[in-house]
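As structure tokens, the structure follows; a few thoughts come after it.
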Amino acid sequence: MSKLVMFYIVPLVVWVGLIYFSSSQPYERQNVQPILQEFDLEWVETVGSNVSFKYGDSIISLQYRDPAAFIEFFIRKGAHLFVFAVLGILAYRLAYILIEKRMKSAIIAWLFVTIYASIDEFSQLLHPNRSGMIEDVILDSVGGIIGVGIIILWRRRNNRFKVEEK
């Protein structure tokens with residue numbers, strides 16, 4: 001198997017597959033609230049008492065959610081950022097190896113992440129007990145930008161050290 005396939009295409013395809021698998025699971029199978037409720041969550045009232053904002057059609061606040069649901073919201077959205085940041089990194093790596101231009105690779109990777117996030121959220125609309133949200137597409141797209149930014153900065157830093165070593 002070629003290096004391109006093994007180190008660039010396979011990781012990207014596997015990651016896309018993991019996202020697809022996760023998105024096709026009903027919410028009940030991913031709900032971490034029962035686990036969170038086993039912990040002492042009194043601190044959440046102190047830390048999150050002044051937090052209140054709208055996300056989609058929901059108000060995220062301790063007035064409207066119990067502490068476990070409040071924390072779970074941030075875990076789930078943090079997972080969106082992380083998962084799509086990794087997707088951005090993997091997409092950038094493949095784009096860069098193919099076209100060897102930083103800016104074009106970054107744009108292609110970000111577009112790939114945004115398009116895949118849109119498809120992912122649309123497919124969630126078709127699954128029972130799931131909801132596709134434009135806010136999640138935006139969050140996923142931001143995750144993609146973060147991932148692309150991380151890999152660009154990491155590569156610049158590593159290239160700087162290689163130059164200094166010579």
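Quick notes
- Any hit, region 129-140, residues being hydroxyl-bearing (Ser, Thr, Tyr), on the phi < 0 side of the Ramachandran plot and either surrounded by 12 or more Cβ atoms within 10 Å (Cβ to Cβ) or touching a Cys at 6+ places or on another chain (Cβ under 8 Å) (or both): yes
Residue-wise test of (1) touching a residue at least 12 places away in the same chain (Cβ under 8 Å); (2) surrounded by 14 or more Cβ atoms within 10 Å (Cβ to Cβ); (3) not β-branched (Val, Ile, Thr).
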position: LEU81; (1), (2), (3): yes, yes, yes
position: GLU100; (1), (2), (3): no, no, yes
position: MET103; (1), (2), (3): no, no, yes
position: THR114; (1), (2), (3): yes, yes, no
position: LEU125; (1), (2), (3): no, no, yes
position: LEU153; (1), (2), (3): no, no, yes
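- Screening ILE119 on (1) over 29 Å from GLU38 (Cβ atoms); (2) touching a residue at least 40 places away in the same chain (Cβ under 8 Å); (3) not small (Gly, Ala, Ser) shows it passes everything except condition (2).
- In region 61-73, the condition of being loosely packed, with under 13 Cβ neighbours inside 10 Å and either touching a residue at least 24 places away in the same chain (Cβ under 8 Å) or over 14 Å from the mean Cα position of the chain (by Cα) (or both) is met by at least one residue.
- Residue check for ARG157: among the basic types (Lys, Arg) and without any contact (Cβ under 8 Å) to a residue 24 or more places away in the chain: yes
- Identity of the residue in region 27-73, closer than 24 Å to GLU135 by Cα and of a type in the set (Asp, Glu), that ends up modelled with the lowest pLDDT: GLU28
- Of everything in region 107-134 that is outside any helix (DSSP H, G or I) and aliphatic (A, V, I, L, M), the residue that is farthest from PHE21 (Cα to Cα) is MET133.
- Scanning region 15-74 for residues that are basic (Lys, Arg) and either touching a Phe, Trp or Tyr at 6+ places or on another chain (Cβ under 9 Å) or part of a helix (DSSP H, G or I) (or both) returns ARG29, ARG65.
The values are calculated or read from the model by the stated rules, or taken from the named source; none is laboratory data. In this text, all values refer to a predicted model and were calculated from it rather than measured experimentally. Cβ atoms come from the backbone with ideal geometry, glycine included; neighbour counts cover every protein chain shown.
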